[in-house]
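*Asks:* Got a structure here, written out as C-alpha cells. Questions coming.
The values are calculated or read from the model by the stated rules, or taken from the named source; none is laboratory data. Every value quoted in this text rests on a predicted model; they were computed, and no experiment measured them. FYI the Cβ positions are ideal-geometry reconstructions off the backbone, even for glycines, and counts take in every protein chain you see. Note: accessible area is taken over every heavy atom of the protein model, side chains too, but ligands, DNA and RNA are not part of it. Shrake-Rupley method; radii C 1.70, N 1.55, O 1.52, S 1.80 Å.
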Amino acid sequence: MSDIRNKFDSAKDKIMGRTKENMGKATGSEETELNGKIQSQMGDLKEKFGSVKENIARKINDVMDKKDENTKEQ
C-alpha cells in the first residue's frame, strides 16, 4: 500500500512542481518558478528512492526465501 502512496506522492509533486514553475515563468516570479523546480525535483527523488527501496526489499526477500528452501531440504 505504501508503494502506491509513494508513487502517487511523487507524481503529485512532479505535476504541481511543473505547474508552479510554469506559473512563475508566466507571471515573471522567479521565486515561484524556483519553488516549482524544487518541488518537481523532489518528486523525481521520491520516485527514485521508492525504486531503490523496492529493489532492496526484493533482494532481501529472495535471500531469505533461498535460506528457507535450504533449511527445508536438510
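*Asks:* For Asn6, are the conditions met, namely being open to solvent by less than 60 Å² (accessible area, probe 1.4 Å), touching a helix residue (DSSP H, G or I) at 6+ places or on another chain (Cβ under 9 Å) and either modelled with pLDDT of 95 or more or not hydrophobic (A, V, I, L, M, F, W, C) (or both)?
*Replies:* yes
*Asks:* Here's another thing I want to ask about it. Only one of these is surrounded by 13 or more Cβ atoms within 10 Å (Cβ to Cβ) and part of a helix (DSSP H, G or I): Lys14, Lys72. Name it. Steps first, please.
*Replies:* Numbers: Lys72 fails: surrounded by 13 or more Cβ atoms within 10 Å (Cβ to Cβ).
None of the other options fit; the residue is Lys14.
*Asks:* Tell me yes or no: at least one residue of the stretch 43-53 is modelled with pLDDT of 95 or more and either buried (at least 16 other Cβ atoms within 10 Å of the Cβ) or in contact with a Pro (Cβ under 6 Å, 6 or more places away or on another chain) (or both).
*Replies:* Among the residues of the stretch 43-53, at least one is modelled with pLDDT of 95 or more and either buried (at least 16 other Cβ atoms within 10 Å of the Cβ) or in contact with a Pro (Cβ under 6 Å, 6 or more places away or on another chain) (or both), which makes the answer yes.
*Asks:* For the stretch 17-33, which positions are in contact with an Asp or Glu (Cβ under 7 Å, 6 or more places away or on another chain) and open to solvent by 50 Å² or more (accessible area, probe 1.4 Å)? Show your work before the answer.
*Replies:* To start, the set of residues in the stretch 17-33 that are in contact with an Asp or Glu (Cβ under 7 Å, 6 or more places away or on another chain) comprises 21, 24-25, 33.
Once the filter is applied, which keeps residues that are in contact with an Asp or Glu (Cβ under 7 Å, 6 or more places away or on another chain) and open to solvent by 50 Å² or more (accessible area, probe 1.4 Å), the stretch 17-33 yields only Lys25.
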